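The values are calculated or read from the model by the stated rules, or taken from the named source; none is laboratory data. Computed from a prediction, not measured in an experiment: that's the story for all the values here. Here the Cβ is made from the backbone with ideal geometry for all residues, glycine too, and neighbour counts use every protein chain on show. SASA here: full protein model, heavy atoms, side chains in, ligands and nucleic acids out. Shrake-Rupley method; radii C 1.70, N 1.55, O 1.52, S 1.80 Å.
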Amino acid sequence: MENYGVGKKYRVDYSRYADDLTFSTNMKTFNNDAEKFIKELERIIMRSGFLINEKKTRLCFKDSRQEVTGLVVNKKINVKREYYRAIRAMLSSLYKTGTFTIEESEGKISQLEGRLSFIDQIDHYNNIHNGATKSLNAREKQYRDFLFYKHFYHMDKPVVVTEGKTDARYIRAALKKYYAEYPELIRKDEEEGSNIKFLFSKERIRYHIYLEWQKMVLIQ
């Protein structure tokens, strides 16, 4: 709680993620008190039994890249350009050769999807807070292309894309009831329960694919 007290004293906002502490302010005169603020903060942290990682301690100004827990937060939340360029290189390699590298090792589809999904969540957040858009931006289109590749070219099972959120639930219920009549679609036994032999698209996948289908219908 002392962090809040020293933040109030120097008129800075305090936020924390795990052991990463971030202080921000719009005060133009803060630079005059920055050294005193840091020393007082160090005293509080050390008194609490912790040490400050000097390598991760930095003072960022308005015109510099402001980075917090790996994200750039100057005007809006974003990932670093280097991070995004590396992902684009992975996608290019995946589409051309069927493989890609992450940290000098052969990457997995799930690893690349995690990175793309992370960026997509940031874009989705920015869209909500900056005014929703009906069209996909360049990064969302790239995520859409990856989802098409994963679910229609690199899938383990066929994928069913439903329009409504509850469609998959009704289809599952119908198959479980009439499983004996559709053995090519579902297998059911006492030990393993129901095993549907295809996948349903997730809601975020439907969002990307449905927007593109809408454009195709309008063009036709």
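Just a few scattered comments:
- Distances between placed amide hydrogens fall under 5 Å for residue 107 paired with 100, 101, 102, all partners being 5 or more residues away or on another chain.
- Two-site FRET efficiency, residue 197 against residue 117, from Cβ-Cβ distance with R₀ of 35 Å, rounded to 0.05: 0.85
- Within straight-line cross-link reach of residue 177, lysines at Cα separation under 17 Å, skipping those fewer than 8 residues along the same chain: 188, 197
- The label-point distance for residue 84 and residue 156, in a model that sets each label 7 Å from Cα toward Cβ, rounds to 3.2 nm.
- Phi to ³J(HN,Hα) by Karplus 6.51 cos²θ - 1.76 cosθ + 1.60 over segment 75-85, Hz, x for Gly, Pro: 9, 8, 5, 7, 8, 5, 4, 4, 5, 5, 4
- Hz values of 3J(HN,Hα) by residue in segment 37-52 - Karplus curve (6.51, -1.76, 1.60), Gly and Pro given as x: 4, 5, 4, 5, 5, 4, 4, 5, 5, 5, 5, 8, x, 10, 10, 8
- Per-q log10 I(q)/I(0), segment 111-197, q = 0.10, 0.17, 0.22, 0.25 Å⁻¹ (Debye; single scatterer per alpha-carbon; no solvent): -0.42, -0.89, -1.09, -1.22
- Among 6, 160, the order of accessible area from largest down is 160, 6, computed with a 1.4 Å probe on protein heavy atoms.
- Under 5 Å from the amide H of residue 79 lie the amide H atoms of 72, each residue being 5 or more positions distant or on a separate chain, with H modelled from the backbone and absent for Pro and chain starts.
- Accessible area of residue 84 in the full protein assembly, 1.4 Å probe (Å², nearest 10): 40
- With every protein chain in place and a 1.4 angstrom probe, the accessible-area ranking of 59, 51, largest first, reads 51, 59.
- Note, ³J(HN,Hα) from phi for segment 146-161, Karplus 6.51, -1.76, 1.60, rounded to Hz, x at Gly and Pro: 5, 4, 4, 4, 5, 8, 10, 10, 10, 8, 7, 9, x, 10, 9, 9
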